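The values are calculated or read from the model by the stated rules, or taken from the named source; none is laboratory data. The structure displayed is predicted, hence computed values, not measured ones. So basically every Cβ, Gly included, is an ideal-geometry build from the backbone, and we count neighbours across all protein chains shown.
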Amino acid sequence: MKKALMINFGLRCNFSCKYCYLKGKEQLPIIDDTISGLKKVVSNNKDITFLNILGGEPLLENEKLIDFLNFIKEINFNREEKDKVFICITTNGSIYLEHIKDFKDFLSLNISIDGGEKSQNKNRIFKNGDGTYKTCIEVINKYSKDGIIIGIHSVIKNPFLWKKCVSQLFKDLNNVEYTYSFNWDIQGGSAILELLNKAYVLSIGVKEMKKYNINFDFSVARHEEKLCGGSYTFLVIDYDSKIYSCETKSSGTLIGEMKDGDIEIDMSNKYVLDKHIIDNYNIHYMSKKLSKNFIKNLKTYICNYRNEQITNNKFTIPFRDVVYSFILSTFFKDFLKEGNHV
Ligand code: SF4
């Protein structure tokens, strides 16, 4: 089985997004030991074929990043096609690195841009408070000309504002080939309000995307394995070699550490569910109580971490998730065709 790792390439960022999980944290770069440890782990484990690099803003660590990408290029050169490593970098899309195109055979960019100018500039701003939309559009166009595989991802804070201006994004990216995905960050309010918001966003989103013929994709990256952020909670290696079960420190649970180029998991941790799963580096929190068919039909995946946050029991799925899944599977059947993961 193929394995996946998510790597935090440091906490430095040139943005100051209003909803950033790093707010108030010291801006630290990835430590050298983490990179050298990671190199050992990847070269010793042929089955690790997918790396998702994120930050902070990973492209700020350009020297370390390019060095790491060159290392992966060498590894790939000596591997058969099926064993090659594929990398997706999650970036805020404001930094253009010419060298990225040297790695386009095995690299894609997942760029966060929250819809049109108004919705992007409301939350995603430079440190001096300036809007970032225009810079990002220019940078995306450059990467597109370089032939890089691009995914655009929006965080939707205000569905009404997003709806108003998302068509501007689609128009401005007219010459760019990309897949689009979005998720919600609508906090407060009741479960019903959250559900209604999600249903609303999905319905208008689908309509807009159809209008502009946009490929819609909830996967973390375009990759033949279709590793989906919802179905797999990646094993996350933080910038300081610590290993988390889910996203990064702010939301995840510390379950191990990377030492001497190896991955050490604390098997006594309550979030470590299954040795087999750990062996596959995908901490798969899907509830075992759900039948495979149920999951397949609903095309949704349940995260135990989220379950526990909402219901205090990692095996109890929040009612809102069940209803939302029902809405998706009932009203968006056609849209959720194969390949579109939710
Ligand atoms: S781009 Fe990402 S890391 Fe940077 S401030 Fe925004 S949310 Fe935070």
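Numerical summary
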{"quantity": "Members of the stretch 8-44 found to be farther than 13 Å from PHE71 by Cβ, touching a strand residue (DSSP E or B) at 6+ places or on another chain (Cβ under 9 Å) and hydrophobic (A, V, I, L, M, F, W, C), listed by number", "calculated": "PHE9, LEU11, PHE15, CYS17, LEU28, ILE30, ILE31"}
{"quantity": "Count - residues of the stretch 4-40 that are more than 11 Å from the ligand (Cβ to nearest atom), at pLDDT below 90 and surrounded by fewer than 20 Cβ atoms within 10 Å (Cβ to Cβ)", "calculated": "2"}
{"quantity": "GLY147, sole failed condition from (1) touching a residue at least 24 places away in the same chain (Cβ under 8 Å); (2) closer than 18 Å to ASN92 by Cα; (3) of a type in the set (Gly, Ala, Ser)", "calculated": "(2)"}
{"quantity": "Residue check for LEU69: assigned to a strand (DSSP E or B) and either more than 20 Å from VAL166 (Cα to Cα) or of a type in the set (Gly, Ala, Ser) (or both)", "calculated": "no"}
{"quantity": "Which listed residue is in contact (Cβ under 8 Å) with a residue 40 or more places away in the chain and either among the aliphatic types (A, V, I, L, M) or more than 13 Å from the ligand (Cβ to nearest atom) (or both), from LYS101, LYS122", "calculated": "LYS101"}
{"quantity": "Residues being modelled with pLDDT under 90 and within 24 Å of ILE156 (Cα to Cα) - total across the stretch 41-53", "calculated": "1"}
{"quantity": "Residue in the stretch 56-65 that is within 13 Å of the ligand (Cβ to nearest atom), outside any helix (DSSP H, G or I) and of a type outside the set (Gly, Ala, Ser) present", "calculated": "yes"}
{"quantity": "Residue in the stretch 22-30 that is assigned to a strand (DSSP E or B) and touching a residue at least 24 places away in the same chain (Cβ under 8 Å) present", "calculated": "yes"}
{"quantity": "Conditions (1) of a type in the set (A, V, I, L, M); (2) in contact with a His (Cβ under 8 Å, 6 or more places away or on another chain); (3) farther than 17 Å from LEU51 by Cα; number of the one not met by ILE95", "calculated": "(2)"}
{"quantity": "Candidate set from the stretch 69-94 (those that are within 12 Å of PHE106 (Cβ to Cβ) and acidic (Asp, Glu)); member that is nearest to the ligand (Cβ to nearest atom)", "calculated": "GLU74"}
{"quantity": "Subset tally (residues that are away from the ligand (no atom under 13 Å from the Cβ) and crowded, with 22+ Cβ neighbours inside 10 Å) for the stretch 109-119", "calculated": "4"}
{"quantity": "Selection status of GLU247, surrounded by fewer than 16 Cβ atoms within 10 Å (Cβ to Cβ), part of a loop (DSSP other than H, G, I, E, B) and either at pLDDT below 75 or not assigned by TED's automatic domain parsing to the domain that holds PRO29 (or both)", "calculated": "no"}
{"quantity": "Residue that is farthest from ASN76 (Cα to Cα), among those in the stretch 41-55 that are among the β-branched types (Val, Ile, Thr) and away from the ligand (no atom under 14 Å from the Cβ)", "calculated": "VAL41"}
{"quantity": "Any pair with Cβ under 9 angstrom, 6 or more apart, that starts in the stretch 245-265 at a residue that is within 14 Å of MET6 (Cα to Cα) and among the polar types (S, T, N, Q) and ends at one that is at pLDDT below 70 and part of a loop (DSSP other than H, G, I, E, B)", "calculated": "SER245/GLY252; SER245/TYR271; SER245/VAL272; SER245/TYR285"}
